Amino acid sequence: MAIPPQVFLPRKRRPSASSFISPEFTDRKLLQSLLLLSREISLLKPLQSLLKPTFSSIIRKSKLLAIVFEEIFRLPISFLPQSALLCSKELYVVLQRIKTLIEDCSNGSKMWLLMQHKSVSHSFHQITLEISTLLDVFPFKEFDLNDDVEELVVLLTKQCCEATTFADPFAENLKQEVLKMLDDLEKAIVPEQSKLENIFEKLGLSDSSSCRDEIECLEDEVQSLDSSDGKSTVQMLALMGLLRYAKCILYGASSPKRITTSPRSNSTNDLSMSSFPSDFLCPISLELMSDPVVVATGQTYDRSSISLWINSGRNTCPKTGQILAHMNLIPNHALKNLIVLWCRENKLPFETAETNDKSNGVTLSKAAVEATKMTASFLVNELRDSPSMETANRIVHELRTLAKTVSESRACIAESGAIPLLVDHLGSNNPDLQLNAVTTILNLSILEANKTMIMETGGVIDGVVRVLRSGATWEAKGSAAATVYSLSGVHTYRKEIGRKKRVVHGLVELASVGPASPRRDALASILNLAGERGCIGRLIEGGVLKMAVELMEESPEEVVTILAVMAKRGGAMAIATTDGAIGKLATVLTDGPEGAKESAAAALDTVCRRGGNEVVAKLALTPRIQKAIWDLMRIGTIRARRKAASLWRTLRQWAAEPGHTHQNRVVQVFTNMTELIIA
């Protein structure tokens, strides 16, 4: 069997039985709560197909309990006998568990419930036995109940005592059909459409919308599985692959959910760089970290990136340049937990953010991969033959959604020949289709192997640049900028992309006038290009420096980092001669956010060393600059202290040379500050 029943462990999303504690109510309030709770359960509806007898049985018993507690509540009772009080508190906890279990099963994934049906039935049976025990010891004789209610209590107690675990043959047979289908998928056998229709009809998945909701529910179930239970995760991902394939085959590509977004917002559900908090990105790959580790200098990197760095023979910290005292990599569990939590809150499965061939440390099963291949092939063939723009939009949106899941999905889509077809829709007059096309390319580009296919496909870069410069929506422009960012992560492609004037102009335009999220994507792409010395001239020609000065106050951290990188790679003189650049950098160093001060010091250090005395004089006479440098030397990071010390030496050397205007005042300032430092 593809999925042994025992591997499906209970999820941890819902509270466990032990999390329910006895309420601190008055006796009357407790009786009232028992009455209301049993009534609430009695009004719940059993599922239409799975475990219907089990659900109906427990709901009927709750109706009978409601009658009993209604009769007790009517009595003029102020205080309950001690034994009745204890039983009532325990019954309250049991009823809470019943309500939670029914609601959880009703609102969760039907496929998960199908695979867990025996376990769920057993849970209901155990609860029924607990009710039986509590009814047996409850002192009903101490209450003046009428004969009908007393007989009802006897009947209910007997029913609960004699209850047995109900084996649902319908659920078990359906489960075996699904498992057989997964077995066939592992052998690359295409599921018969008639069998798929039969299974989905029995599960109540009758249209594209219900299938989409079921997939989302199953994604939640996967996220809720214990992280140590990799086998269950693999198997659940196989079920998700089957669901996606069946949805497309049976009901076609679904219409995108209409989400009203502000023109100043960007999608956080695709793999745009701006979607992720900067602290979650690896300083080497600039991608979301899947396994963050700390090196000897205290800096955090993704394990795969820093391992590649060290294995290539380097012994320094990529960010600080310091020699590593040791090569041990210490897991940063706190940061990883934050990343996982953020991904869950933003409906991004943790594995979709990774760029390698694993999903949160779990490799997809062959059944899941084969299902994904079949889904991708079906969608690409449908797109190739799509008769209308509306149909094409639905298909491309389906590809976009599939490309957000795991790296295997991105590989399957690209291998199915989707990229050339997506290029044809980058210039679409339909804003939704254009957005879906460029965002799908973005999601595909996250996989390293796909970058080559994208760059070698004619028209992709030109199409992305057209969207970047004249896209119908800010969101589309942001996705185009993020695509440039993703592709320029490869050294060879960075040089090729950076030579294109239209790319640089498009990024500068978007950064200058775009809303916050697309602007961050544009600035991230510019930063990537600035890492290539051969691109600096094109960036300067394209107006990056003027744009940086204008945006310094609004986006100081991103802009100052760009200037620091450009200064280091040959742009120092251009920065020195750009109106306002030195003054704005000095302002960031004195009054800017802490995260930007280090980059400001690095930029000013390089510019002052290469820009000549005129630049140094301009900086030296800036109010409070000496104190800002001194403060950074005292409390900054190791790299910040090093850059600040270098800048300090440059300014002191300049101040010591004869013939400068205001020489005496500047020399005195540096002398006083130096004496303070020594003291």
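The values are calculated or read from the model by the stated rules, or taken from the named source; none is laboratory data. In this text, all values refer to a predicted model and were calculated from it rather than measured experimentally. Cβ atoms come from the backbone with ideal geometry, glycine included; neighbour counts cover every protein chain shown. Calculation scope for accessible area: heavy atoms of the full protein, side chains included, ligands and nucleic acids excluded. Shrake-Rupley method; radii C 1.70, N 1.55, O 1.52, S 1.80 Å.
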Scan region 414-423 for residues that are open to solvent by 60 Å² or more (accessible area, probe 1.4 Å) and not in a helix (DSSP H, G or I) and report the count. 0
Residues that are touching a residue at least 40 places away in the same chain (Cβ under 8 Å), among the β-branched types (Val, Ile, Thr) and farther than 13 Å from residue 284 by Cα, drawn from region 299-339: 339
Residue count for region 72-87, restricted to those that are among the hydrophobic types (A, V, I, L, M, F, W, C), in a helix (DSSP H, G or I) and either out of contact with any helix residue (DSSP H, G or I) (no Cβ under 6 Å at 6 or more places or on another chain) or in contact (Cβ under 8 Å) with a residue 60 or more places away in the chain (or both): 4
Consider region 556-587. How many of its residues are open to solvent by less than 10 Å² (accessible area, probe 1.4 Å), over 22 Å from residue 499 (Cβ atoms) and within 33 Å of the chain's Cα centre (by Cα)? 2
State all residues of region 462-477 that are open to solvent by 40 Å² or more (accessible area, probe 1.4 Å) and either closer than 22 Å to residue 408 by Cα or outside any helix (DSSP H, G or I) (or both); if no residue qualifies, say none. 472, 473
Which of the residues belonging to region 443-461 are among the charged types (D, E, K, R) and either more than 20 Å from residue 498 (Cβ to Cβ) or open to solvent by 10 Å² or more (accessible area, probe 1.4 Å) (or both)? 448, 456
Expected output for region 522-551 (first residue over 15 Å from residue 573 (Cα atoms) and assigned to a loop (DSSP other than H, G, I, E, B), partner open to solvent by less than 40 Å² (accessible area, probe 1.4 Å) and of a type in the set (Gly, Ala, Ser), Cβ below 7 Å, 6+ apart or cross-chain) is 532/498
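So that you can scan it fast, the table gives a plain yes or no per residue for (1) within 26 Å of residue 254 (Cα to Cα); (2) surrounded by 17 or more Cβ atoms within 10 Å (Cβ to Cβ):
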residue: 123; (1), (2): no, yes
residue: 133; (1), (2): no, no
residue: 145; (1), (2): no, yes
residue: 148; (1), (2): no, no
residue: 155; (1), (2): no, no
residue: 162; (1), (2): no, no
residue: 169; (1), (2): no, no
residue: 178; (1), (2): yes, yes
Tally of residues being over 18 Å from residue 90 (Cα atoms), assigned to a helix (DSSP H, G or I) and open to solvent by less than 60 Å² (accessible area, probe 1.4 Å) across region 25-52: 1
Run down 433, 426 and say which single residue is open to solvent by less than 30 Å² (accessible area, probe 1.4 Å), within 29 Å of residue 343 (Cβ to Cβ) and not in a helix (DSSP H, G or I). 426
Out of the residues in region 628-641 that are farther than 13 Å from residue 594 by Cα and touching a Ser or Thr at 6+ places or on another chain (Cβ under 8 Å), which is least open to solvent (accessible area, probe 1.4 Å)? 639
